[in-house]
Every structure is written in structure tokens, then in C-alpha cells.
Amino acid sequence: MSTVAGLVLAAGGGRRYGMPKALVEYEGSLLVERAVRTARAVCDPVLVVLGAQAVDVWRTADLDGATVLANRDWETGMASSLRTGLDGLRGWPGRVDAVLVTLVDMPGMTPEALRALAAHAAPDALAIATYDGVRGHPVLLGREHWAGVAATATGDEGARRYLAGADVTEVDCTGLADPTDLDVPPGGVPSAP
């Protein structure tokens, strides 16, 4: 049985949203709380990368059961958060074979979608969720790929460049989760926690 970690990327400032998405309340809880709970249902350990208003998020959100990592370079984009998380996992006590990378701004993510990808976990695994044939999240990265992903990740692309040149298993998650991300608030007005 492979050990699968969860990595929630929640460091962004939410420029288009008007506030850090980690602090956005959605259906009674903060987006970061929802993402951590979903990851914890499938993964152990779960790491969450914070950046913009990290202290406020840490004080406000219930992140019980997750290890919090701070990305000081969060303003440079998602790639720095991905590197922060992968660096944190490299030093993890015990062997983690693969990591499921999820985004804070996808409240429709489900444990079922995470389990579908986790079924492919192995040190050499690369898998990505698809929805109606379109690639999305989560992404499963086997340990053997972490250094390559970290080396090629730039700006807001994350693992995209690395995955483009690799043999990736596509896992159909259509109907298992809603892949919609919250880029702007409903009605165009930010919500406060």
C-alpha cells in the first residue's frame, strides 16, 4: 500500500478575487478548511502551504490535522508554493510515495476524486484528473518526479511544463467532483470571513 500525502496550495493573494481565497467563506466554512478536510479524508500526511495573510489564515482557519508551511515567495506564483510543499515532503519522517496536489479555490473537490487518483500512487506515478476530457486537478506526483517538477515549475504554471513532456495517466473524474475554481466572487463582490 503506497503512502499518499495531500498538498493543499493556499498561498495566493486572490488578486482577481479581491482577497486571499484561503480566507473566503463558502457554504459555512473557509475554503482552506474545506480543502484540508477533503484531503484528510484520503491522505496522510496533509500539508497546506500558506502565503498571503498567512498569520490571519493560521489564526482563523481550523487546520487541525494538517502541517502548515509558509511560502515567503508566494507573490511569485503557484510554482513557489508547489516547491515549498515538495521540499516539506522531502524531509517528512517516514516514506511518502506520492502526493496529491489540490488547490484551495476548488470547493467542489471530493474525497472520491482524490481516491480515484490515489489508486495510481507509486513512487514513479504521474496522474492527472480529467473532466469531460479536459485536464484539471488534483494531480498525483510520485516521489521520483518531485525534483523534476520543482526544477521546471515557474510562475503560476506549477507542474504543467513537467507534465507536458511526461507519460501521464489520465484519470476520468467526470461526475466525481466539480472542477470549477473560484476566480472571482459571486456577483463580483468579495466575501469576508
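Values in this text are rule-based calculations from the coordinates and carry no lab data. Because the structure is a prediction, the values reported are computed rather than measured. Positions of Cβ are generated from backbone atoms using ideal geometry, with glycine treated the same way; all protein chains shown enter the neighbour counts.
Counting helices only, and only those DSSP H runs with n ≥ 4, report the 222 nm mean residue ellipticity of the chain as the sum of -39,500 (n - 2.57) divided by its residues, in deg cm²/dmol to the nearest 500.
-7000 deg cm²/dmol
Between Val134 and Tyr26, the FRET efficiency estimated from the beta carbon spacing at R0 = 25 angstrom works out to 0.65. Based on C-alpha pairs under 8 angstrom that are at least 6 apart in sequence, segment 4-181 has a relative contact order of 24 percent. Please identify the trypsin sites (Lys or Arg not before Pro) of segment 86-121 that satisfy two criteria: DSSP loop assignment and at most 10 other Cβ atoms within 10 Å. Which are they? Answer in residue order: Arg95.
Segment 102-154 and segment 13-84 have Cα centres spaced 17 Å apart.
Can you work out the FRET efficiency for the pair Ala70 and Arg90, with r the C-beta to C-beta distance and R0 = 22 Å, to the nearest 0.05? Given R0 = 22 Å and the Cβ-Cβ separation, E is 0.85. A straight chain from Thr180 to Val55 at 0.36 nm per residue would run longer than the Cα-Cα distance by 42.3 nm. Normalising the Debye intensity of the chain to I(0), with uniform scatterers on Cα atoms only, and taking log10 at q = 0.08, 0.11, 0.16, 0.19 Å⁻¹ returns -0.22, -0.43, -0.95, -1.38. Our coupling estimate for segment 100-111, obtained by passing each phi through the Karplus curve with A = 6.51, B = -1.76, C = 1.60 and θ = phi - 60°, is 9, 9, 10, 10, 5, 9, 10, x, x, 5, 10, x Hz, Gly and Pro reported as x. In this simple spin-label model, placing a label point 7 Å from the Cα along the Cα-to-Cβ direction at both Ala122 and Ala147 gives a separation of 2.1 nm.
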